[in-house]
Amino acid sequence: MNGLRRNDAEVLDTAGTSNSPLVAIVILNWNGRAYLQQFLPFVLASTYANKRIVVADNASTDDSLSVLAAEFPQVEIIVNPGNEGFARGYNLALRQVTADYYVLLNSDVEVSPGWIEPVINMMQENINIGACQPKLLSYHNREEFEYAGAAGGWIDNFGYPFARGRVFDSIEKDIGQYNAPAQCFWASGAAFFVRANLYHEVGGLDEYFFAHQEEIDLCWRLQLAGHAIYAVPASVVYHVGGGTLNKESAYKSFLNFRNNLVMCAKNYPSSTAIWKIPVRLMLDAVAAWKGLAEGKPGFFVAVCKAHVYFVKWLLLEKNKSVFPASRRGDLGGVYKGSIVWHYFIKKQKAFSEIIKGK
């Protein structure tokens with residue numbers, strides 16, 4: 001069974017019925033009943049008036065749907081036909097949701113009442129902005145940034161993602177050092193604001209990714225199409241993180257390494273990809289052998305498997321992936337050096353140490 005539940009068809013075309021744009025907060029759920037019960041009340045308490053709240057369920061086998069019906073009757077429900085992963089799950093759902101802006105919100109995020117207004121205000125004032133994120137702080141350590149985006153995502157010269165407030169596994173405390181709104185390279189998929197029309201125009205999330213780094217790929221394509229990405233720290237949310245796959249998961253490592261290589265091969269110009277991809281494969285191999293030496297055979301196997309699947313993608317899947325229509329846009333949030341060099345060789349662990357003045 002799929003599609004909207006509870007006769008919500010009349011809600012689908014309400015964009016433009018108020019002076020403020022319609023914002024659809026869409027939460028993808030898979031067996032996350034506990035998170036829905038814990039965090040949906042905060043979303044419902046959001047002070048932004050012209051909003052709709054949708055849970056897109058990826059064929060949960062727990063009692064998520066019955067809990068939603070009993071405890072949150074004001075929330076719309078979309079039921080996907082299976083566990084479609086993050087990328088396809090959202091693509092299927094958002095085809096059924098009409099709004100001016102989408103907010104792709106993880107189910108394990110606690111929001112504050114006024115978290116929507118600062119982001120929408122900025123996007124309304126600057127039509128060149130395609131996507132934004134709030135400041136992400138850790139739910140469990142609220143003085144620290146959260147891994148999945150912190151205060152805005154960047155990327156280095158070889159395609160490794162990092163963020164204002166998080167470089168690899170080093171997390172900074174939030175002391176206001178990144179409180180200014182800033183252009184970045186990618187916005188976190190944990191709380192991802194995007195203009196609805198642009199989401200569809202650039203092809204949505206690449207479904208080959210399944211999960212992990214698909215939002216970075218989408219932001220790359222948005223920028224190539226001429227739209228900027230911003231972090232808006234006046235909006236603050238608290239992210240649990242690791243709700244589906246924990247950081248030590250070999251499958252998560254596999255997805256991250258595979259998807260990052262696919263993303264780089266897709267979006268780099270051919271003249272750049274032809275030399276950067278071999279360098280990336282070499283750097284990944286060094287990381288794999290380092291992991292093995294540290295007693296992490298699962299990580300080693302995950303990286304090797306990622307490389308095999310990347311080659312298979314090049315041979316079999318490349319032409320099926322979502323590609324940008326043009327390359328007219330400039331890229332923000334790109335560090336021209338190597339964060340691998342700074343982090344592992346120079347031992348610089350903070351974003352502000354590596355990117356001076358940002």
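Since every read-out is calculated from the coordinates, none of them should be taken as a lab result. Remember, it's a predicted structure, so these values are computed and weren't measured experimentally. Here the Cβ positions follow ideal geometry from the backbone for every residue, glycine too, while neighbour counts run over all protein chains shown.
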Original post:
Does the stretch 45-54 include one or more residues that are farther than 21 Å from GLN96 by Cα and in contact with a Phe, Trp or Tyr (Cβ under 7 Å, 6 or more places away or on another chain)?
Top reply: yes
Original post:
Assuming GLY329 fulfils every condition listed in (1) among the small types (Gly, Ala, Ser); (2) within 22 Å of GLY204 (Cα to Cα); (3) touching an Asp or Glu at 6+ places or on another chain (Cβ under 8 Å) apart from one, which condition is it?
Top reply: (3)
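Table: residues versus (1) of a type in the set (Phe, Trp, Tyr); (2) within 28 Å of GLU84 (Cβ to Cβ); (3) more than 13 Å from the chain's Cα centre (by Cα); (4) buried (at least 23 other Cβ atoms within 10 Å of the Cβ).
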position: TYR101; (1), (2), (3), (4): yes, yes, yes, yes
position: ASN106; (1), (2), (3), (4): no, yes, no, yes
position: PRO118; (1), (2), (3), (4): no, no, yes, no
position: HIS140; (1), (2), (3), (4): no, no, yes, no
position: ASN157; (1), (2), (3), (4): no, no, yes, no
position: TYR160; (1), (2), (3), (4): yes, yes, yes, no
position: ALA163; (1), (2), (3), (4): no, yes, no, yes
position: GLU172; (1), (2), (3), (4): no, no, yes, no
Original post:
Can you pull out the residues in the stretch 286-328 that are assigned to a helix (DSSP H, G or I) and small (Gly, Ala, Ser)?
Top reply: ALA287, ALA288, GLY291, ALA293, GLY298, ALA302, ALA306
**OP:** Please find, within the stretch 157-177, the residue that is farthest from TYR343 (Cα to Cα) out of those that are among the polar types (S, T, N, Q) and assigned to a loop (DSSP other than H, G, I, E, B).
**Re:** GLN177
Subject >> helices (runs of 4 or more DSSP H) wholly inside the stretch 29-99 containing at least 1 residues that are of a type in the set (A, V, I, L, M, F, W, C), buried (at least 20 other Cβ atoms within 10 Å of the Cβ) and touching a residue at least 60 places away in the same chain (Cβ under 8 Å) >> reply: 33-44, 85-94
